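To start, the structure itself, in structure tokens.
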Amino acid sequence: MSVTEQSSAPRDGDRTSGAPWWRQAVVYQIYPRSFADANADGVGDLPGITSRADYLESLHIDAVWLSPFYPSELADGGYDVANYRDIDPRLGTLDDFDDMVEALHSRSIKVVVDIVPNHTSDQHAWFQEALTAGRGSTARDRYIFREGQGPDGSRPPTDWESMFGGPAWTQVTDGQWYLHTFAREQPDLNWAHREVRDDFLNTLRFWSDRGVDGFRVDVAHALTKDLSEPLPSRAELETLPFDGNHPLVDRDDVHEVYAEWRQVFDSYDPPRTAVAEAWVHKARVPLYASPEGLGQAFNFDLLQADFDASQFERVVRENLELAEASGSSSTWVLSNHDVTRHATRYGLPHPPREADGEPSVKHGLEWIRSGGTNPELDWMGGERRARAATLFMLGLPGSSYLYQGEELGLHEVAALPTAARQDPAFFRSAGADLGRDGCRVPLPWSNSAEEAFGFGGGGSHLPQPAWFTRYAVTTEEEDPDSTLCLYRRALELRRSLQTSEDLEWISTGDPEVLHYRRPNGWEVITNFGAEPYPLEGVNVAIASTGMEEEVLPSEATVWLMPGSA
Ligand code: NOJ
């Protein structure tokens, strides 16, 4: 083995030199309605999270990120916010929120909350006011209202489609239409309106004052829009470059918004942090991740990659370069609340690439559509590859974002009854897209199906399958080889090793094996191939799978420490 090159990871991220906490954090995403249910009404809540604070501590994570817990009609799982400065009564109260923050902070776990600035709920007081205030009012100007086409305005202003399928415009009773990039219950805000900007600054202060450490910014690339007439058609939109002047997304002027947010973040000590969900061209990601902007941006490339050495290597190289260009650290994600869980993705055949060669984020959809019967899921293979991919990811410099349940090796739940489904993607596509409910099923804490697997005892708002018993926390805690025990060991060790952001690639001479070195003599090797890879005289600290001989088995990762076995 020989060292081939030094990576270009940023230099100042060093736990021992006081780099900001988020640069190399492990952030655990909680989908509050499905995490733990303290009042046994079948829906997870904030006291439920507080009651599991010891569990969170046992994972050795640095922060939790909570998906929206605000009052909401749940047209989009809480991403339709009716009031940005309150708690959904089904999930608790502001006092419960404070208790949760205290419980987490006292265990050195930071708290990141989701902020949803592109759209409100149609139940938000502003939208209700806009409906009654009528044409030309200031209230309507907080949103994007237009007249329809045709002599009586009965056709939408454009033929644009919403992200969940169906038209992006909905008509109100006086004949005007409003724009919604997502569901019709999620009207887009007008970010050219000063009051909209000021109100979000107040929201950021509201949560920061309550001790929140950071924000995950939903659809960060879509806030500002140029809707001057004539509006382009859908076909015309598709021909427009994403160069900062696109009418709808990734406009340069969105960074004026984030420069104002940065002033709020930096007025706190320590400064509040943010991470952008920005689906933009790679070259433009650093604009969101810059220290003058949100500070960090999600990279979803691993989540879209197949379990494949060359794809993983390319993703890491590209994103470390991008992170350096922005002055931020990279982020890594294998699962979240919007995609098929990675244990399941890796247990299904690689999906076909999109026509332009781009990977599909819809991996697993055919399988979900068939109720989990076609193609046949390789359960164990999926888990084995997921564990290998996770250890590969956790070795990388930067922040890793984990999604609740992945530490149990949990699979997607495909077979959900139609009546139980909640995702608007399902309803707006007339069932063609079964959507994201399968990764949002409440967690199995114990192996007793009668008590909703320890979720709360009052049932479960999305039905849990009988096979959850195998993945229950109590089941896995008793098995030292479980995925849960692997995550705990790896995260604890990572915390002590992640002292700088350096990464060196080591050539393996095998295109299916990746090997990199991190600080403190820590090395990570992943064998993506079908054949074992020789490993002689090494000191294995952690392996994603059982190891009996001096070889790295197929589809496995090891972390090595200096010294020999
Ligand atoms: C991205 C969120 O992750 C997703 O769950 C949501 O549906 C859309 N943004 C709209 O808010």
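Taken together, the values in this text are just the output of simple stated rules run on the coordinates, not laboratory data. Small disclaimer: the values here were computed from a predicted structure and weren't measured. Cβ coordinates were reconstructed from backbone atoms using ideal geometry, including for glycine residues, and neighbour counts include every protein chain displayed.
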Exercise for the section: Rank by packing, highest mean first: peptides 436-449, 151-164, with packing defined as the count of other Cβ atoms within 10 Å averaged across residues. Expected result: 436-449, 151-164
Exercise for the section: With N set to the residue count of the stretch 272-419, report its C-alpha Rg divided by 2.2 N^0.38 Å to two decimal places. Expected result: 1.08
Fill in the blank from the handout: For the stretch 71-179, Rg(Cα) over 2.2 N^0.38 Å is 1.39
Exercise for the section: Could you quote the convex hull projected area for the chain, Cα atoms only and averaged over all directions, in nm²? Expected result: 25.1 nm²
Handout entry: the stretch 99-157, Cα convex hull volume normalised per residue, Å³
Key = 117 Å³
Completion exercise
Non-local residues with an amide H under 5 Å from the amide H of S335, with H modelled 1.01 Å from N and Pro and chain starts lacking one, are Y403
Completion exercise
If every Lys and Arg gets +1 and every Asp and Glu gets -1 at its Cβ, then about the Cα centre the stretch 394-519 yields a dipole, in debye to the nearest 20, of 340 debye
Exercise for the section: Taking a cut-off of 15 Å between Cα atoms, list the aspartates and glutamates near K362, but don't count ones fewer than 8 places away on the same chain. Expected result: D301, D306, D338, E354, E412, D423, D433, D437
Exercise for the section: Return the whole-Å distance between the Cα centroid of the stretch 502-520 and the Cα centroid of the stretch 109-160. Expected result: 50 Å
Practice task
Using only the Cα atoms, work out Rg/Rh for the stretch 348-473, with Rh taken as the Kirkwood radius, to two decimals.
Solution key: 0.98
Practice task
Show which lysines lie in cross-link reach of K225 when reach means a straight Cα distance below 24 angstrom and same-chain residues fewer than eight apart are skipped.
Solution key: K282
Exercise for the section: Take the Cα of D198, step 7 Å along the line toward its Cβ, and report every residue of the stretch 128-153 whose backbone nitrogen sits under 19 Å from that point. Expected result: 129-130, 137-143
Completion exercise
Sorted by chain and number, the residues with a modelled amide H under 5 Å from that of V551, at a separation of 5 or more or across chains, are L535
Practice task
Work from the charge dipole of the chain (Cβ charges, +1 for Lys and Arg, -1 for Asp and Glu, about the Cα centre) and give the residue of S154, A283, N527 farthest towards its positive end.
Solution key: S154
Handout entry: Sum of -39500 (n - 2.57) over DSSP H runs of 4+, divided by residues of the chain (222 nm, nearest 500)
Key = -7500 deg cm²/dmol
Fill in the blank from the handout: Net charge (Lys, Arg +1; Asp, Glu -1) of residues whose beta-carbon lies under 15 Å from that of G537, G537 excluded, is -4
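Normalised radius of gyration for the stretch 158-279, please: alpha carbon Rg relative to 2.2 N^0.38 Å, two decimal places.
The reported ratio for this selection is 1.19.
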Exercise for the section: Could you work out the relative contact order of the stretch 40-172, using alpha carbon pairs under 8 angstrom and six or more residues apart, expressed as a whole percent? Expected result: 20 percent
Practice task
Quick one: give the max-minus-min coordinate of the C-alpha atoms of the stretch 286-336 along each principal axis, largest first, in Å.
Solution key: 35, 23, 12
Problem - the stretch 426-544 - Rg over Rh from alpha carbon coordinates, Kirkwood radius - result: 1.12
Handout entry: By average C-beta atoms within 10 angstrom, highest first, the peptides 515-528, 408-421
Key = 515-528, 408-421
